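One structure is given here, and the rest of the page talks about it.
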Amino acid sequence: MDDQGMAMMLHGPLVIDPGHPLVLAAQGALADVGLDSVPPVFPAWTDGALISREAGVPTLIWGPGELKLAHSAEESLPVEDIFLAARLYAAAVRRFTPRF
């Protein structure tokens with residue numbers, strides 16, 4: 001890659017099949033705690049698109065926080081949101097991981 005680095009890379013969208021087991025695990029986890037399980041569209045770009053496209057790793061952008069505060073001096077999270085995210089991730093892992 002030339003000296004322009006990321007500026008010259010294709011910053012395409014992150015796309016994952018709605019029926020992918022990772023998506024279904026996240027939807028199930030949301031339903032487990034009584035939250036809307038319809039996946040939203042993330043209206044910004046992240047490195048997840050590169051991980052998905054270049055490395056072929058199925059990727060979700062799924063976490064607490066307000067996008068409008070991201071990368072700003074006001075970026076913060078209520079502690080309750082962190083605990084909820086941890087519960088959701090644990091529930092998704094239980095659904096996604098094969099049972100032995």
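Things worth noting here:
- Members of the stretch 3-42 found to be closer than 22 Å to His71 by Cα and under 12 Å from the mean Cα position of the chain (by Cα), listed by number: Leu14, Pro40, Val41, Phe42
- Filtering the stretch 45-60 to residues that are part of a loop (DSSP other than H, G, I, E, B) and in contact (Cβ under 8 Å) with a residue 24 or more places away in the chain leaves Trp45, Thr46, Pro58, Thr59, Leu60.
- Just one of the listed residues (Val38, Val33, Val23, Val57) is among the aliphatic types (A, V, I, L, M), on the phi < 0 side of the Ramachandran plot and open to solvent by 80 Å² or more (accessible area, probe 1.4 Å), namely Val38.
- So Phe83, is it at pLDDT 90 or above and in contact with a helix residue (DSSP H, G or I) (Cβ under 7 Å, 6 or more places away or on another chain): no
- Residues in the stretch 61-85 that are outside any helix (DSSP H, G or I) and either open to solvent by less than 60 Å² (accessible area, probe 1.4 Å) or touching a strand residue (DSSP E or B) at 6+ places or on another chain (Cβ under 8 Å) (or both): Gly63, Pro64, Gly65, Ala70, Ser72.
- Scanning the stretch 55-80 for residues that are within 21 Å of Ser37 (Cα to Cα) and either under 15 Å from the mean Cα position of the chain (by Cα) or among the aliphatic types (A, V, I, L, M) (or both) yields Pro58, Thr59, Leu60, Ile61, Trp62, Gly63, Pro64, Gly65, Glu66, Leu67.
- The stretch 18-36 residues that are in contact (Cβ under 8 Å) with a residue 24 or more places away in the chain, paired with ones that are among the aromatic types (Phe, Trp, Tyr) (beta carbon under 7 Å, 6 or more apart): Pro21/Phe96; Leu22/Phe96; Ala25/Phe96; Ala26/Trp62
- Identity of the residue in the stretch 88-100, surrounded by fewer than 13 Cβ atoms within 10 Å (Cβ to Cβ) and of a type outside the set (Val, Ile, Thr), that ends up modelled with the highest pLDDT: Ala90
The values are calculated or read from the model by the stated rules, or taken from the named source; none is laboratory data. Note that the structure is a prediction, hence the values are computed from the model and not measured. Here the Cβ is made from the backbone with ideal geometry for all residues, glycine too, and neighbour counts use every protein chain on show. SASA here: full protein model, heavy atoms, side chains in, ligands and nucleic acids out. Shrake-Rupley method; radii C 1.70, N 1.55, O 1.52, S 1.80 Å.
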